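A.B. asks: Here's a structure for you.
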Amino acid sequence: MFNYIKIDENSRIPKYRQIVDAIINNISNGNLKIDDKIPSINSFSEEFLLSRDTVEKAYQILKDRKVITSIRGKGYYITRTKLISKVNILFLINKLSAYKMRIYNSFINTIGGNSHTDLYIYHCDNSLFLNLLEKNSNAYDYYIIMPHFKTENLKHVSYTDEAVKAICKIPREKLILMDNNQLQIDGEFVEIYQDFENDIYNALKEGLAKVSRYNKLILVYPENSVYPYPKRILHGFKKFCVEHEISFEVLDEIFDDIILKKGDLFITIEETDLVSLVNQIREKEFILGVEIGVISYNDTPLKELLGITVISTDFKAMGETASRMILNKEKGKVKNPFNFIDRNSI
C-alpha cells in the first residue's frame, strides 16, 4: 500500500489529513478493497518518518467514519467502500413524499459530485430515529435532519427529549436542521426552517383579495394521519380567519358525500383529500375557481399542471440553501420562502 501513498512535506494540508485523503482516494480508485489489511500505526510512521500521534489521529478519523476497523491482535482493515468521498452526508427525513424528495433532489443536484449522501426515512418514529443516529454515530461529515415525530395517538410533536439529546451529541459544525425550528438547540449550526403558523397566515393574507370573495373558508386538517402535520398550521389558519372576520370550519377529511355550497373555499393538505374534493366538485357540476375554490398546501408539478392554487414553501430553495451552506461552510438560521401561488382554482 505504501506505493500508493505520497506525503507532501511542502503542502499546507496537515499530514494526518493527507493520510486520510490518501487512503480514501485509494479506496475510491480500487487500490484498496473491503477486508484489505492496512499497515499498523508503527509501520506507517516508520515508513514516512511521521510521529505516531499523526498516524494515530488519521486512523481515528477513518475509524470514526467507519472506513476502517481495528481487530485486536490482527491490525487494521478496510470495512467500508461506499462512503469514500471527501464529504459524506447522512440525510434523515421523516417521511417519503413528493415534497421531501424535491428537497432531497434539489440538494443532490446542487452539492456536486465530490460528496456521497445516504438517505434514510424514519417515518416520524422516535425509536427508529434514535436507532439510525446511534448506528451512524461519527460516520458522516454532515447530518441533515428533518425533525417531525408522532405520539402513540398519531399527534404531531416537533421533538422528543430523547431525540434532542441524540441530536445534541452531533458536533454543531456537522449539524443541519431542516424544516422544523422548534428544538431550541444551543450553539452555531445550520438551520433552514419553515414557520408553519406565520407561513400560512401570511400566505393567505397575500391572497386576501381572492380569498375574501368566498363566504366560508374550510381547512381540511387530518387529526390522526399516519404522518401527522404541525398544529401550527391550524393555529395560523384560525388566526387569519379571526383577524379578517372570515367564517371558517375545520374538517378532518373530505367525506365521500361532503356537502358543497357555492361560496366555499377549501384548503386541503393531503393529496387524497384534494383528489376527492375536485372529483366531487366536478360530479356536482360546480365551477371550480368560481363557485367553489380550492387551495392546496404544498406545491407539486402536477398541481401546477392542473392549475391548482397553492400555499407552499419553496422546496427547491430549501435543498439548494442546505447545499450552499455546506459548500461555503456557513452557519446560521435561514427562513425558507413560503408563497401564495395563484392559479385557476380560486
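The values are calculated or read from the model by the stated rules, or taken from the named source; none is laboratory data. Note that this is a predicted model, so its numbers are computed, not measured. Cβ coordinates were reconstructed from backbone atoms using ideal geometry, including for glycine residues, and neighbour counts include every protein chain displayed. Only protein heavy atoms, including side chains, enter the accessible area calculation; ligands, DNA and RNA are left aside. Shrake-Rupley method; radii C 1.70, N 1.55, O 1.52, S 1.80 Å.
A.B. asks: So which residues in segment 192-210 are crowded, with 21+ Cβ neighbours inside 10 Å, in contact (Cβ under 8 Å) with a residue 60 or more places away in the chain and under 24 Å from R324 (Cβ atoms)?
C.D. replies: Looking only at segment 192-210, we keep the residues that are crowded, with 21+ Cβ neighbours inside 10 Å, and these are 192, 194, 196, 199-201, 203-204.
Subsequent filtering for residues that are in contact (Cβ under 8 Å) with a residue 60 or more places away in the chain retains 192, 194, 199-200, 203-204.
Across segment 192-210, the qualifying residues are I192, Q194, D199.
A.B. asks: From the list K261, K205, exactly one residue is among the basic types (K, R) and farther than 21 Å from D314 by Cα. Which is it?
C.D. replies: Exactly one residue qualifies, and that residue is K261.
A.B. asks: Considering only residues of segment 213-230 that are within 30 Å of Y122 (Cα to Cα) and of a type in the set (S, T, N, Q), which is least open to solvent (accessible area, probe 1.4 Å)?
C.D. replies: Going through the qualifying residues, I end up with S225.
A.B. asks: Show me the helices (runs of 4 or more DSSP H) found entirely inside segment 231-346 where at least 2 residues are free of Cβ contacts under 8 Å to residues at least 40 places away in the same chain and open to solvent by less than 50 Å² (accessible area, probe 1.4 Å).
C.D. replies: By residue number, 231-243, 271-283.
A.B. asks: Taking I103, is it of a type outside the set (G, A, S), in contact with a strand residue (DSSP E or B) (Cβ under 8 Å, 6 or more places away or on another chain), open to solvent by less than 20 Å² (accessible area, probe 1.4 Å) and within 17 Å of I23 (Cα to Cα)?
C.D. replies: No: the conditions fail for I103.
A.B. asks: Consider Y122 against the criteria (1) out of contact with any strand residue (DSSP E or B) (no Cβ under 8 Å at 6 or more places or on another chain); (2) free of Cβ contacts under 8 Å to residues at least 40 places away in the same chain: it satisfies all of them except one. Which criterion is unmet?
C.D. replies: So the condition that Y122 fails would be (1).
A.B. asks: Something else: Would segment 129-137 turn up any residue that is closer than 14 Å to H148 by Cα, out of contact with any strand residue (DSSP E or B) (no Cβ under 9 Å at 6 or more places or on another chain), surrounded by 15 or more Cβ atoms within 10 Å (Cβ to Cβ) and at pLDDT 95 or above?
C.D. replies: Yes, because at least one residue in segment 129-137 is closer than 14 Å to H148 by Cα, out of contact with any strand residue (DSSP E or B) (no Cβ under 9 Å at 6 or more places or on another chain), surrounded by 15 or more Cβ atoms within 10 Å (Cβ to Cβ) and at pLDDT 95 or above.
A.B. asks: Exactly one of these conditions fails for L183: (1) under 16 Å from the mean Cα position of the chain (by Cα); (2) buried (at least 19 other Cβ atoms within 10 Å of the Cβ). Give me its number.
C.D. replies: The number of the failed condition is (2).
A.B. asks: Name, by its number, the condition in (1) under 15 Å from the mean Cα position of the chain (by Cα); (2) surrounded by 14 or more Cβ atoms within 10 Å (Cβ to Cβ) that does not hold for N109.
C.D. replies: Unmet condition: (2).
A.B. asks: For segment 27-57, which positions are exposed (fewer than 14 other Cβ atoms within 10 Å of the Cβ), of a type in the set (A, V, I, L, M) and either in contact with a helix residue (DSSP H, G or I) (Cβ under 8 Å, 6 or more places away or on another chain) or farther than 18 Å from I7 by Cα (or both)?
C.D. replies: Passing the criteria: only I34.
A.B. asks: Kindly indicate whether R65 is crowded, with 16+ Cβ neighbours inside 10 Å and basic (K, R).
C.D. replies: Taking the combined requirement at face value, the residue satisfies it.
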